[in-house]
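Here is the structure we will look at, set down as structure tokens.
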Amino acid sequence: MDWVAIAAGALWAMLPAYVPNNAAVLFGGGPPLDGRRTLGGRRLLGDGKTWRGTVAGVGAGVAIAGALNLVRPIVAPTLADPLVGFPFVAALGLATGAMLGDIVASFLKRRLDRERGAAFPGLDQLDFAVGALGLALLLAPTWTRAAFPLPALAVIVVATPLLHLGTNVGAYVAGLKSEPW
Ligand code: CTP
Ligand code: MG
């Protein structure tokens, strides 16, 4: 098995899911999604999930997919097959699913009495990947199965937490995020 090609293809196909979180950190703020509503005395989601961040995240994910579609003819001749193109529904599924996975994780964290920003190892690093792949599978099943064969999923499970941790530490050092996770 050519693991370099598999890894390159997997990370390329996941880019529209990776970018939304970073865009949310950059552009987030303002009114929270939950309208400050509570459930059993705790916030539904908390101030860390905002309308602006969510819309910017989905928009950035879809925009990245469009950009990858544009550069694919230029970079694909060398790496050929593994770099997929993104139909609009697939891009929308990956980007929206990434934001949704993160939102569902926030909901769970509040139910477990974790404050906004508290670390939840495992959940924090994979929530958005599970959401992205899940919604992409729902909206574009054929494309998703072809873009993410089992070895690609294995690469994603290993690489995603590392990438997530790396970008969050970077955002923290740059003063964009208040916690390094
Ligand atoms: N963000 C946002 N909207 C989202 C997701 C993230 O505005 N849908 C912004 C917020 O400013 C948030 C930051 O990105 O504080 C970091 O995101 P994340 O770590 O997911 O949120 P936390 O602040 O840790 O909140 P939670 O504990 O609920 O995950
Ligand atoms: Mg967090």
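Of the residues LEU162, LEU153, LEU135, the single one that is under 18 Å from THR54 (Cβ atoms) and within 15 Å of the chain's Cα centre (by Cα) is LEU135. Within the range 9-27, none of the residues are surrounded by fewer than 21 Cβ atoms within 10 Å (Cβ to Cβ), away from ligand 2 (no atom under 16 Å from the Cβ), farther than 21 Å from LEU176 by Cα and among the small types (Gly, Ala, Ser).
Residue-wise test of (1) at pLDDT below 95; (2) closer than 24 Å to LEU33 by Cβ; (3) surrounded by 13 or more Cβ atoms within 10 Å (Cβ to Cβ).
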{"site": "ASP102", "(1), (2), (3)": "no, yes, yes"}
{"site": "ASP113", "(1), (2), (3)": "no, yes, no"}
{"site": "GLY122", "(1), (2), (3)": "yes, yes, no"}
{"site": "LEU139", "(1), (2), (3)": "no, yes, yes"}
{"site": "TRP143", "(1), (2), (3)": "no, no, yes"}
{"site": "ALA147", "(1), (2), (3)": "no, no, yes"}
{"site": "LEU150", "(1), (2), (3)": "no, no, no"}
{"site": "ILE156", "(1), (2), (3)": "no, no, yes"}
{"site": "LYS177", "(1), (2), (3)": "yes, yes, yes"}
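Looking only at residues in the range 54-83 that are surrounded by fewer than 16 Cβ atoms within 10 Å (Cβ to Cβ) and within 14 Å of ligand 1 (Cβ to nearest atom), the one that is nearest to PHE148 (Cα to Cα) is GLY59. Exactly one residue out of GLY9, GLY35, GLY41 is at negative phi and out of contact with any His (no Cβ under 8 Å at 6 or more places or on another chain): that is GLY9. Could you tell me whether any residue of the range 30-53 is surrounded by 14 or more Cβ atoms within 10 Å (Cβ to Cβ), among the small types (Gly, Ala, Ser), assigned to a helix (DSSP H, G or I) and more than 16 Å from ligand 2 (Cβ to nearest atom)? No, the range 30-53 has no match at all. Quick check on the range 47-61. Is at least one of its residues free of Cβ contacts under 8 Å to residues at least 12 places away in the same chain and within 15 Å of GLY101 (Cα to Cα)? Checked the range 47-61: at least one residue is free of Cβ contacts under 8 Å to residues at least 12 places away in the same chain and within 15 Å of GLY101 (Cα to Cα).
When LEU70, LEU94, LEU108, LEU83 are checked against the criterion of being under 16 Å from the mean Cα position of the chain (by Cα) and either farther than 13 Å from LEU33 by Cβ or not polar (S, T, N, Q) (or both), a single residue qualifies: LEU94. Among the residues making up the range 140-170, those that are β-branched (Val, Ile, Thr) and closer than 19 Å to ASP102 by Cα are ILE156, VAL157, VAL158, THR160, THR167, VAL169.
Please find, among THR38, THR50, the residue that is within 9 Å of ligand 1 (Cβ to nearest atom) and out of contact with any Ser or Thr (no Cβ under 9 Å at 6 or more places or on another chain). Going through THR38, THR50 in turn, just one is within 9 Å of ligand 1 (Cβ to nearest atom) and out of contact with any Ser or Thr (no Cβ under 9 Å at 6 or more places or on another chain): THR50.
Checking each residue in the range 123-141 for being closer than 23 Å to ASN168 by Cα and in contact (Cβ under 8 Å) with a residue 24 or more places away in the chain picks out ASP124, GLN125, LEU126, ASP127, PHE128, ALA129, VAL130, GLY131, ALA132, LEU133.
The values are calculated or read from the model by the stated rules, or taken from the named source; none is laboratory data. Just so you know, these numbers come straight off a predicted model, no measurement behind them. FYI the Cβ positions are ideal-geometry reconstructions off the backbone, even for glycines, and counts take in every protein chain you see.
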